[in-house]
1. Can you name every residue in the range 261-296 that is open to solvent by 30 Å² or more (accessible area, probe 1.4 Å), of a type in the set (Gly, Ala, Ser) and either within 17 Å of Asp233 (Cα to Cα) or touching a Cys at 6+ places or on another chain (Cβ under 6 Å) (or both)?
2. How many residues are of a type in the set (Asp, Glu) and without any contact (Cβ under 8 Å) to a residue 12 or more places away in the chain if we restrict to the range 83-123?
3. Within the range 150-163, is even one residue closer than 20 Å to Glu216 by Cβ, buried (at least 18 other Cβ atoms within 10 Å of the Cβ) and of a type in the set (Asp, Glu)?
4. Quick one: count up the residues across the range 112-129 that are farther than 14 Å from Met153 by Cβ and among the charged types (D, E, K, R).
5. For Tyr130, are the conditions met, namely being closer than 30 Å to Gly205 by Cβ and open to solvent by 30 Å² or more (accessible area, probe 1.4 Å)?
Amino acid sequence: MKQNLTFIMLIFSMLLFSCKNKTAEVSEPETGLIEITKAQFESEKMEFGEPILSPFSDLVHFTGTVVPSVNGRAQISLPAQGLVSRIWCKPGQLVSKGTVLFEVSGNEFIDMQKDFAESVAMLNRLKTEYERQKELMAENIGAKKDFIQAESMYNVEKAKFNALKIKLELLGLEVKQIEEGKFYTSYSVKAPIKGIVSNINANIGQFVESQQIIAEIIDTESFQIKLSVFEKDINKVKVGQHVEYYLAGTKSEKYSAILKLVGKSINNETKSIDCFAEIESPETISLVSYQFIEGDIITGSDSVFSVPESAILKAEGENYILVLEKETGELFYFSRQKVTVGRINNGFVELTNIHELKKILIKGVYNLRIE
């Protein structure tokens, strides 16, 4: 007997569960109105509402990447070829402008200092001769050709001296010390900007040519958005428009930017036009150089009548809303009104053919099956 009772209770529970999950059926009498009982209205947690005026935006979709600005990316190379004797940085390290990154030595660097010291001595001698010939010419004693030769040799050596001086100063060396014959054994390569060391392409003891890139620095505070807009949409896009974007895999969290530059040529690879936007509050977002993003440019906005997406009933390829016509003690009576939907924004659907406000069913519509 106990087993039979347990079996009956199990069957009852299954039937009860089945009833709760069954799609609600409503009748549509000859009047054409849809009847929903108030008990069903409560059990299905339906709600009334009205079409409301909501702000809607005209959007141009884009894909893009996070890139540093023109002055926010630095590629490091040597001003003079040589051997890397010390590396003071590592990938991922935050460095300030002027931070020493590498120490470099080598014969060319030593020869440059030797040539400069020799040029200093030669320039002093030629200057003395030039001034002597100049005085002789002023007293009409010296020959003009001797003066011209002295002047020419002095100017040639002065040009050589100035060129070597500039090269040594670019290496960060104190030329007065070299003039006295005190040579440096190495020179330092310093960071030209602040930022993150993104990669290092050198090893200790490696000989590096002057044109070879040995490191790169990215200033994360200079990040901007490089976005691609298709040709058909470019006339809608203007500098100053608001941009909403999201990172890959995080559509629920949107960030803001302002369009700062609209390109004037089509990218042959993507068949789109490159534009750039300035990121708002970049310090609050964790961004990575060349990170993929996606979003929309807001090209315009207006206020239109709209309803929640949950208020739309789809049937036979058409869209309807259920308008409350009357109610009795036990029943609500609704009429189906065909609507033309437009844009969707934040869970609301634009209705383009609504001209008057009526009470409608805005929640629970999806549970209905009209007979």
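The values are calculated or read from the model by the stated rules, or taken from the named source; none is laboratory data. Note that this is a predicted model, so its numbers are computed, not measured. Don't worry about glycine lacking a Cβ; one is built from the backbone with ideal geometry, like all the others, and counts go over all protein chains shown. Heads up: the accessible areas ignore ligands, DNA and RNA and are worked out on the full protein's heavy atoms, side chains in. Shrake-Rupley method; radii C 1.70, N 1.55, O 1.52, S 1.80 Å.
1. Ser265
2. So the answer is 2.
3. We begin by selecting, within the range 150-163, every residue closer than 20 Å to Glu216 by Cβ; these are none.
No, the range 150-163 contains no residue that is closer than 20 Å to Glu216 by Cβ, buried (at least 18 other Cβ atoms within 10 Å of the Cβ) and of a type in the set (Asp, Glu).
4. So the answer is 3.
5. Working: closer than 30 Å to Gly205 by Cβ: no; open to solvent by 30 Å² or more (accessible area, probe 1.4 Å): yes.
Taking the combined requirement at face value, the residue does not satisfy it.
Listed here are the residues, each with its yes/no results for (1) within 35 Å of the chain's Cα centre (by Cα); (2) part of a helix (DSSP H, G or I).
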residue: Lys160; (1), (2): no, yes
residue: Ala163; (1), (2): no, yes
residue: Ile166; (1), (2): no, yes
residue: Glu169; (1), (2): no, yes
residue: Leu173; (1), (2): no, no
residue: Gln177; (1), (2): no, yes
residue: Val189; (1), (2): yes, no
residue: Pro192; (1), (2): yes, no
residue: Ser198; (1), (2): yes, no
